[in-house]
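Q: Take a look at the following structure, please.
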Amino acid sequence: MLDSQLSSEVLPQHIAIIMDGNGRWAKERGKPRVFGHKKGVDAVRNTITTASKLGINAITLFAFSSENWRRPEEEVGVLMELFITVLSSEVKRMHRNNLRLQIVGDVSRFSQRLQNKIEQAEALTKNNTGMVLNVAANYGGKWDITQATKHLAHQVAKGQLAPEDITEEMLGQHVMMSDLPDVDLLIRTSGECRISNFLLWQMAYAEMYFTPIYWPEFGEDSLIEAISWFVNRERRFGCTGEQIKQLMEK
Ligand code: IPE
Ligand code: IPE
Ligand code: MG
């Protein structure tokens, strides 16, 4: 076969993941839902390491949606604590690995303590030149487009912009992650096939990959499989997971 040596150019530049199924994974093991969330952190760590070894430019993880506040107060509380813990324990490692961390979403609803942690983590990693890791927290695709619209509306109100001059590019400059390429590949675990108000604008042309496995079980091979699927769809030739793995740095 011609392409036994695959080039990293065929890989998706920006991968977004809806990390779903923590609760069901735990329930099936007779454990409380929060056990699944805790286990899900290992899958996050694995995914980041694998993506970064592959030289993926950006990865965006859906950690908490604007709708997730409707969950029982106790579960929301545990999730918030988990964010704080993970931010404290993982950020140094991310920094060592040259990753740039960004939280995307309306952080104003989080506790001051969490907002401070977020600010510190972003400040520490902001000049890093490796993979960009976006964590979507209190994020909603509709919220994102709405906040971008408000930016333009302010310009119109100030007389700096005429409504008929508004372009897609202008709106695109105000949605989250406007400095990054649009999402090429969306992955959702747990068998659900919906977007759940995740990135809307940025996923206009994304390939969508749905896998039945629950998020806590999503490992290196799962990511490689999703990426091989993407490469095979985009390029319409056959490549194997092994070839993708060869692109990983030692
Ligand atoms: C995804 O797992 C994690 C978050 C939404 C924070 P779920 O908690 O949605 O797990 P299921 O879908 O109920 O199994
Ligand atoms: C989407 O999962 C949000 C995250 C993964 C953070 P949900 O489990 O909350 O989505 P729905 O409610 O099933 O659509
Ligand atoms: Mg769910």
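The values are calculated or read from the model by the stated rules, or taken from the named source; none is laboratory data. As the structure is a prediction and not an experimental result, all values here were calculated from the model. A quick note on method: Cβ atoms are made from the backbone with ideal geometry, for glycine too, and the neighbour counts reach across all protein chains shown. All accessible areas refer to the heavy atoms of the entire protein, side chains included, with ligands and DNA or RNA removed. Shrake-Rupley method; radii C 1.70, N 1.55, O 1.52, S 1.80 Å.
Q: Quick one: which residue in 113, 70 is more than 19 Å from residue 202 (Cβ to Cβ), without any contact (Cβ under 8 Å) to a residue 24 or more places away in the chain and surrounded by fewer than 15 Cβ atoms within 10 Å (Cβ to Cβ)?
A: Matching residue, one of 113, 70: 70.
Q: Okay, moving on. What do you reckon, is residue 119 outside any strand (DSSP E or B), open to solvent by 30 Å² or more (accessible area, probe 1.4 Å) and acidic (Asp, Glu)?
A: In short, yes.
Q: What number of residues within region 170-184 are in a loop (DSSP other than H, G, I, E, B) and either more than 14 Å from the chain's Cα centre (by Cα) or free of Cβ contacts under 8 Å to residues at least 60 places away in the same chain (or both)?
A: 5
Q: How many residues, within region 212-227, are surrounded by fewer than 20 Cβ atoms within 10 Å (Cβ to Cβ) and part of a helix (DSSP H, G or I)?
A: Summing the residues that are surrounded by fewer than 20 Cβ atoms within 10 Å (Cβ to Cβ) and part of a helix (DSSP H, G or I) in region 212-227 gives 5.
Q: Another question, if that's okay. Conditions first: (1) within 16 Å of ligand 2 (Cβ to nearest atom); (2) surrounded by 14 or more Cβ atoms within 10 Å (Cβ to Cβ). Residue 100 passes all but one, so which condition is the exception?
A: Unmet condition: (1).
Q: Which residues, taken from region 176-210, are over 18 Å from residue 42 (Cα atoms) and within 16 Å of ligand 3 (Cβ to nearest atom)?
A: Going residue by residue through region 176-210, those that are over 18 Å from residue 42 (Cα atoms) are 176-186, 191-210.
Listed by number, the residues that qualify are 186, 191, 192, 193, 194, 195, 196, 197, 198, 210.
Q: Within region 198-211, restricting attention to residues that are in a loop (DSSP other than H, G, I, E, B) and more than 12 Å from ligand 1 (Cβ to nearest atom), which residue is least open to solvent (accessible area, probe 1.4 Å)? Show your work before the answer.
A: Within region 198-211, the first condition is being in a loop (DSSP other than H, G, I, E, B), and the residues that meet it are 198-200, 204-206, 211.
Filter once more, keeping what is more than 12 Å from ligand 1 (Cβ to nearest atom): 199-200, 204-206, 211.
Working: 199: 1, 200: 66, 204: 78, 205: 213, 206: 17, 211: 16 Å².
Here the residue is 199.
Q: Quick one: in region 8-32, of everything that is surrounded by fewer than 18 Cβ atoms within 10 Å (Cβ to Cβ) and modelled with pLDDT of 95 or more, which residue is farthest from ligand 3 (Cβ to nearest atom)?
A: Here is the first cut: in region 8-32, the residues surrounded by fewer than 18 Cβ atoms within 10 Å (Cβ to Cβ) are 8-9, 13, 24, 27-32.
If we keep only those that are modelled with pLDDT of 95 or more as well, we get 13, 24, 27-32.
Working: 13: 27, 24: 8, 27: 12, 28: 14, 29: 16, 30: 19, 31: 16, 32: 15 Å.
Among them, the one singled out is 13.
Q: What are the pairs with Cβ atoms under 8 angstrom where one residue, in region 213-242, is small (Gly, Ala, Ser) and the other, located anywhere, is loosely packed, with under 15 Cβ neighbours inside 10 Å and in a loop (DSSP other than H, G, I, E, B)? Sequence gap at least six, or different chains.
A: Close Cβ pairs satisfying both conditions: 238/1.
Q: Okay, moving on. How many residues are open to solvent by 50 Å² or more (accessible area, probe 1.4 Å) and in a helix (DSSP H, G or I) if we restrict to region 122-144?
A: Here is the first cut: in region 122-144, the ones open to solvent by 50 Å² or more (accessible area, probe 1.4 Å) are 122-124, 126-127, 129, 142-143.
From what's left, in a helix (DSSP H, G or I): 122-124, 142-143.
Residues that pass the stated criteria total 5.
Q: Give the residue, chosen from 92, 39, that is at pLDDT 95 or above, over 16 Å from the mean Cα position of the chain (by Cα) and not in a loop (DSSP other than H, G, I, E, B).
A: After applying the criteria, what remains is 39.
Q: Which residues, taken from region 50-63, are touching a helix residue (DSSP H, G or I) at 6+ places or on another chain (Cβ under 8 Å) and open to solvent by 10 Å² or more (accessible area, probe 1.4 Å)?
A: Result: 55, 63.
Q: Specify which of the listed residues (84, 59, 48) is within 24 Å of residue 119 (Cβ to Cβ) and at pLDDT below 95.
A: Being within 24 Å of residue 119 (Cβ to Cβ) and at pLDDT below 95 holds for just one of 84, 59, 48, which is 84.
Q: Tell me the residue from 51, 16 that is of a type in the set (A, V, I, L, M, F, W, C), more than 11 Å from ligand 1 (Cβ to nearest atom) and outside any helix (DSSP H, G or I), please. It would help to see each step written out before you state the result.
A: Details: 51 fails: outside any helix (DSSP H, G or I).
Just one listed residue meets the conditions, 16.
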